[in-house]
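K.L.:
A single structure is presented below for examination.
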Amino acid sequence: MLKPIVIAACLPAICTYQAIAADPGQNAYMIRVLACKGEDAHMEVYLPQSIALDPAKLKSALTKPVIGYYTLDLTSAGKGKPLEPVKVSTTADGKTVIIDQYTRGLKPTRIPVDGGTVDFDQRFGTGAKCEAFGT
């Protein structure tokens, strides 16, 4: 049987984890943490301000997928700039950011934290040059 002291000590950690992993909701303030430019489109990733502005909290939160938002800017092609939810996480070593466009069923995109060239999808997001994560 768990002692009340153990439960009281663990409760804040459990509540914090659930809050970070939950959908940020429509009223959350979002901060851009990643921007990429491809030949046909620009992509951006946003995370809740509550974790994005604190490097220690961000690193800790991204050990598990966090719900954020992804924009695919196709304005130059006359298709607008849709916003969709994505799951954002990092690899165990913290050197790669993983963007999971789960609503589209696409393979997760892996982006070096220091930036690099990646393919988001085969229609618009190929050869996208991404800046460093968090800048």
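K.L.:
For segment 28-135, place one equal point scatterer on every Cα, skip the solvent, and apply the Debye formula. What is log10 of I(q)/I(0) at q = 0.11, 0.14, 0.16 Å⁻¹?
P.N.:
Debye intensities relative to I(0), on a log10 scale: -0.30, -0.49, -0.64.
K.L.:
If Lys and Arg each add +1 and Asp and Glu each add -1, what is the summed charge of the other residues whose beta carbon sits under 15 Å from the beta carbon of T117?
P.N.:
-3
K.L.:
On full extension of the chain, what length is gained from Q122 through Y102, given 0.36 nm per residue of separation minus the C-alpha to C-alpha distance?
P.N.:
Going from the current span to full extension adds 5.6 nm.
K.L.:
With the crude spin-label approximation of a point 7 Å out along Cα→Cβ, what separation in nm comes out for L74 versus A28?
P.N.:
A separation of 2.5 nm, rounded to one decimal place.
K.L.:
Moving to a separate point now. Of the listed pairs K37/K64; K59/K107; K57/K81; K64/K129; K59/K81; K64/K87, which have alpha-carbon separations greater than 20 Å here?
P.N.:
K37/K64; K59/K107; K57/K81; K64/K129; K59/K81
K.L.:
So, counting K/R as plus one and D/E as minus one, what does the shell of residues with Cβ under 11 Å around G127 add up to?
P.N.:
It works out to a net charge of -1.
K.L.:
Let me ask something additional. Can you give the direction-averaged projected area of the convex hull of the alpha-carbon atoms in segment 78-135, in nm²?
P.N.:
Across all orientations, segment 78-135 yields a mean hull projection of 4.5 nm².
K.L.:
Could you rank M30, M43 by how accessible they are, 1.4 Å probe, largest area first?
P.N.:
Highest to lowest solvent-accessible surface, that is M30, M43.
K.L.:
Evaluate E = 1/(1 + (r/R0)^6) for E39 and T91, where r is the Cβ-Cβ distance and R0 equals 35 Å; express this FRET efficiency to the nearest 0.05.
P.N.:
Plugging the Cβ-Cβ distance into 1/(1 + (r/R0)^6) gives 0.80.
K.L.:
Same structure, new question: At 7 Å along the Cα-to-beta-carbon direction for both E84 and K64, put a label point, then send me their distance in nm to one decimal.
P.N.:
Those two pseudo-labels are separated by 2.5 nm.
The values are calculated or read from the model by the stated rules, or taken from the named source; none is laboratory data. Here the structure is a predicted model, which is why all the values come from computation and not from measurement. Please note: Cβ atoms are built from the backbone with ideal geometry, for glycine as well, and neighbour counts cover all protein chains shown. For the accessible areas, the whole protein counts, side chains as well, though only heavy atoms, and no ligand, DNA or RNA atoms are used. Shrake-Rupley method; radii C 1.70, N 1.55, O 1.52, S 1.80 Å.
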